[in-house]
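Structure, as structure tokens:
All of the numbers you see were taken from the coordinates with simple rules; none came from a lab. This one's a predicted model, so the numbers in the text were calculated from it and none came from an experiment. Methodologically, a virtual Cβ is constructed for each residue, glycine included, from the backbone with ideal geometry; neighbour enumeration extends over all protein chains shown.
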Amino acid sequence: MLPLSVAIIARDEADRLPDALASVAGLAAQVVVLDSGSRDDTVALARAAGAEVVETDWPGHVAQKNRALQRCTQEWVLSLDADERLSPALAASVRAALAEPGDAAGFEVDRLSWWQGAPLRYGTWHPDRRLRLVRRAVARWEGDDPHDRLAVDGPTRRLDGDLLHHPYRDLGEHLSTIDRYTATAAKALAARGVRATVLDVALRPHLHIVKALLLKQGIRDGVRGLCVAGLGATYVLLKWGRLYLAQRATTGASG
């Protein structure tokens, strides 16, 4: 076992959590699962796999992931979502990195996401580089919900191998997540004092399409790339549209 803790937050993930846990089996000295009110077998499955399970409330993405980080006891922490798993190549890279970490405070991974049954290798979804393996003593979660990000004090390096990601079970879940996340994101922007203009609402979705399909070559993923770019633009439209409309409502304006 490596001097490694794996931290996972979960809720109603009985269908996906076992694959995440299996991908780190034999790798980590500690696996921590923070569960925020699952109504399925998530807790039982996590305990059966040998994880330390903490049942808690839901304070938000950033706060929950910091809670999970604080429960970890090993020198290094690998943060996973329940819908992610390590590829064999990435697991081997983790072993090699922790054998000779040098002065690194953390290691970044490339996340490869599936949509409608196949991986997306272009666009804004790939390589989707994320800092996920960190020295616990110098790490923390930051950002505005729902867009958390892991940060460290010190240099970082990149690991070989993909972090495999299956974010949506179906299109309905993708659409409901857009609805939920854009509401959360608009509130977070408002709390920071960010103001939206008509130009934000009108232009930002189109800029996302240009970035996703042309600059990031998402068109090379074919129809799936087109669909994901459109859904991404919808996310941007709703986030800024909701912020703009909330501002208008507080001033008594309409439109």
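Some notes on this structure:
- For the stretch 1-93, applying the loop criterion from DSSP together with a ceiling of 11 other beta carbons within 10 Å to the trypsin sites (Lys or Arg not before Pro) yields R39.
- Leading residue at positive end of dipole, the chain (Cβ point charges), from V194, W114, W141: V194
- Candidates L203, L45, L133, ranked by Gaussian network fluctuation over the chain, Cα under 10 Å, top entry: L203
- Residue-count net charge about D83 - beta-carbon cut-off 10 Å; Lys, Arg +1, Asp, Glu -1: -2
- GNM on the chain, alpha-carbon springs under 10 angstrom: the most fluctuating residue among A212, A186, A202 is A202.
- The stretch 137-255, relative contact order [Cα under 8 Å, separation at least 6], %: 25 percent
- Read-out semi-axes √(5λ) of the Cα gyration tensor in Å, derived from the coordinates shown; its label in (1) 36, 21, 17; (2) 32, 21, 19; (3) 51, 19, 15: (2)
- Charged-residue dipole, Cβ positions (Lys, Arg, Asp, Glu), the chain about Cα centre, Debye nearest 20: 880 debye
- Extension gain for R220 to V198 (0.36 nm times residue separation, less C-alpha to C-alpha distance): 4.8 nm.
- Projected label distance in nm at A44 and A183, using a 7 Å step from Cα toward the beta-carbon: 3.1 nm
- Among the trypsin sites (Lys or Arg not before Pro) in the stretch 174-238, those located in a DSSP loop and surrounded by at most 12 other Cβ atoms within 10 Å of their own Cβ are R192, R195.
- Counted over the chain, the DSSP beta bridges are approximately 45% antiparallel.
- Other residues with beta-carbon under 13 Å from the beta-carbon of E108 carry, at +1 per Lys or Arg and -1 per Asp or Glu, a net charge of +3.
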